[in-house]
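Structure record follows, encoded as structure tokens.
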């Protein structure tokens, strides 16, 4: 589904990624792990069209280089960003409905003031039902402001907002950040349920052990380069991860 070859990215004049090559097959959960500053988030933003890059990004046989972020989203790539980035003054329901903007990209300006109308569309109701089935607390809190939710609930909302765009490939950036360990494990464990819904997932995580436990395969990123790859279990039992994190 996703093939990246020799990808390089500069951010603020710094070489953040250097010749990265990786692939993600349809239906896989693949984890990309590494220490802070290794370039993990940069890679996701480049795939999503939010950062310029050199090299090749191919998605379902289509080259994405130079494709804008909004076009990338309409092609079926959804990004759950680091830090959640929800709209704190909007209700939970409105946050979710805004995630469906890809359906209305051509005339979104006329619909922003009538999100209730969007909620009446059959396809949108179906997606809402899926999100609420995965995260029942969001339905219970649907009329609360997003900013009033706990950190874990906000992370659920960030995931649900992406699911509302009906992605085929979901990029997840630091899912466990700022969460209690038990809740982080719970959310990571739910990625399997999302995969069963037809999603392919590329997961970026600093918590390497937790991330590799839910993945089929993994890559280790160090100073902008892939330094190890393989089956998740093999990486867990190797010393390469410790070297990447501790030097």
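FYI, it's all coordinate maths here, none of it is from the lab. The model shown is predicted, which means the values in this text are computed figures rather than measured ones. Every residue, glycine as well, gets a Cβ built from its backbone with ideal geometry; the counts of neighbours run over all protein chains shown.
From the helices alone, meaning DSSP H stretches of at least four residues, give me the mean residue ellipticity at 222 nm for the chain, per-run term -39500 (n - 2.57), in deg cm²/dmol to the nearest 500. Taking each H run of at least 4 residues, the total per residue is -9500 deg cm²/dmol.
May I ask you to sort 219, 23, 101 by Cβ crowding, counting other Cβ atoms within 10 Å and putting the fewest first?
Ranking 219, 23, 101 by Cβ neighbours within 10 Å, fewest first, gives 23, 101, 219.
Sorting 200, 130 from the fewest to the most surrounding beta carbons within 10 angstrom yields 130, 200. Convex hull volume of the C-alpha atoms in the stretch 121-222, normalised per residue: 108 Å³. Ranking of 70, 173, 207 by neighbouring Cβ atoms within 10 Å, starting from the fewest: 70, 207, 173. Would you give the gap between the C-alpha center of the stretch 57-79 and the C-alpha center of the stretch 137-205, rounded to a whole Å? So the separation of the two Cα centres works out to 21 Å. Stretched out straight at 0.36 nm per residue, the stretch from residue 190 to residue 125 would grow longer than its current Cα-Cα span by 21.3 nm.
The orientation-averaged projected area of the convex hull spanned by the Cα atoms of the stretch 182-234 comes to 4.0 nm².
With a/c under 1.5 counting as rounded, go ahead and sort the chain into rounded, prolate or oblate using the C-alpha gyration tensor (a ≥ b ≥ c being the square roots of the eigenvalues; past the cut-off, prolate if a/b is larger than b/c, else oblate).
prolate
Model label points for residue 134 and residue 6, set 7 angstrom from Cα along the Cα-to-Cβ axis, are 3.6 nm apart. Restricting attention to the chain, close to 55% of DSSP beta bridges with both partner residues there are antiparallel. Under the shape rule built on the C-alpha gyration tensor, where the axes satisfy a ≥ b ≥ c, the stretch 1-71 is oblate, since a/c reaches at least 1.5 while a/b does not exceed b/c.
Taken along the Cα-to-beta-carbon direction at a fixed 7 Å, the label points for residue 25 and residue 62 span 2.4 nm.
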